[in-house]
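Encoded as structure tokens, the structure appears first; notes follow it.
The values are calculated or read from the model by the stated rules, or taken from the named source; none is laboratory data. Quantities reported herein were computed from a predicted structural model and do not represent experimental measurements. Note: ideal-geometry Cβ built from the backbone for every residue, glycine included; neighbour counts use all protein chains shown. In case anyone asks, the SASA skips ligands and DNA or RNA and just uses the protein heavy atoms, side chains included. Shrake-Rupley method; radii C 1.70, N 1.55, O 1.52, S 1.80 Å.
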Amino acid sequence: MSSILTNTSAMTALKSLQSTNSAIETTQARISTGKQVAEASDNAAYWSIATTMRSDTKALGTVQDALGLGAAKVDVAYTGINATLDVVDEIKSKLVAASEPGVDRTKIQSEIGELQNQLKSIAESATFSGENWLSTDSSATGYNATKSVVASFNRAADGSVSLATIDIDTSSTVLFDAGTGATEVGLLDKEYTAANGAATPVNVTYSVATLDITATNVDDTVLADMISKVDATLQNLTTAASDLGSSKQRINMQNEFVGDLMNAIDRGIGKLVDADMTEESTRLQALQVQQQLGVQSLSIANGNAQTILSLFR
């Protein structure tokens, strides 16, 4: 039936053209944004997952910054310990030289004094971001020998989040401790007591940072004890440097892992929400052809109504 009130063919063609135009708009939006899921209305589940993971990626970026800061602190302390090793080794050599008969111990002590001043300078200078792990005051309120470096941001299956840290025990790396307690001592200001070889032995108290081979009551017996204690300090410094080196390596490994993890998360987000540009470009071309055919189809359907006029001529 032909009707001038209802053009079924035109309605069908118009509906098809509107559907094609809507699909073109969607495809063009994907091409312009590069995303298949740009809003929650596109795919609520994928959009929610992607938004959460993007937030986690930002948190991991902050973790990387914290790891970089922690690595710098460890590196400064490690550098200080290495420099201290060289100086203490030089003090040991001077003490060995002083044990030779006939040497001028006053001149040797002058050299040792300068080396001791250098030890203090190294310890005081090993500061980064307001923290010094080599020269401390363990009696200070809130002091904690264990230093924590934020290492990871974790999200559990139930959605709860937590932080993990790398803990570094600096109690074995302290060179000077301003505390006054019996246990508040560093590797260089720890005091030793040695009895000399006099008929009535006299105790001599010293530390690596304060020993004086020209002091009263210091004889070959005390000097031999000094050499022994300085050598023991060298071993402790070597252990401290080794511990810091291990901590530094672990922080670097964790930093690299966090970077890889962020890249993996970004790839996962991309698979969820990114548009396949090759597929979208092909779809756009096909939709443009459909749009042209739809326009022609609508034009033909509208033209059919014009034939009714010829019946009234």
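A few points about this structure:
- Among 301-309, 43-51, the order from most to least packed when residues are scored by Cβ within 10 Å on average: 43-51, 301-309
- Relative protection proxy for 101-110, 185-194, 199-208, from highest mean packing down: 185-194, 199-208, 101-110 (other beta-carbon atoms within 10 angstrom).
- Over region 186-247, the Kirkwood radius and the radius of gyration, each from Cα atoms, give a ratio Rg/Rh of 1.11.
- Dipole of region 138-290, positive direction: furthest Cα of 152, 176, 253, with charges on the beta-carbon: 152
- Protection-proxy order for peptides 77-86, 24-33, each taking the mean of Cβ atoms within 10 Å per residue, highest first: 77-86, 24-33
- Here region 161-313 is assigned +1 on the Cβ of each Lys and Arg and -1 on the Cβ of each Asp and Glu. Its dipole about the Cα centre then comes out at about 1440 debye.
- Accessible surface, 1.4 Å probe, highest first, among residues 128, 257: 257, 128
- Cα convex hull, the chain: 188 Å³ per residue, rounded to a whole number.
- Cross-link pairs beyond the 28 Å C-alpha cut-off, checked among 92/190; 107/190; 58/248; 92/147: 92/147
- Tensor-based shape of region 8-148 (alpha-carbon gyration tensor, a/c under 1.5 rounded, otherwise prolate or oblate): prolate
- Probe 1.4 Å, protein heavy atoms only - accessible area per residue of the chain in square angstrom: 57
- Share antiparallel - DSSP beta bridges, the chain, percent rounded to 5: 90
- Residue-averaged [θ]222 nm for the chain, counting only DSSP H segments that reach four residues, each worth -39500 (n - 2.57): -21500 deg cm²/dmol
- Each listed q (0.12, 0.14, 0.20 Å⁻¹) maps to a log10 I(q)/I(0) for region 166-313 from the Debye sum over equal C-alpha point scatterers, namely -0.79, -0.89, -1.19.
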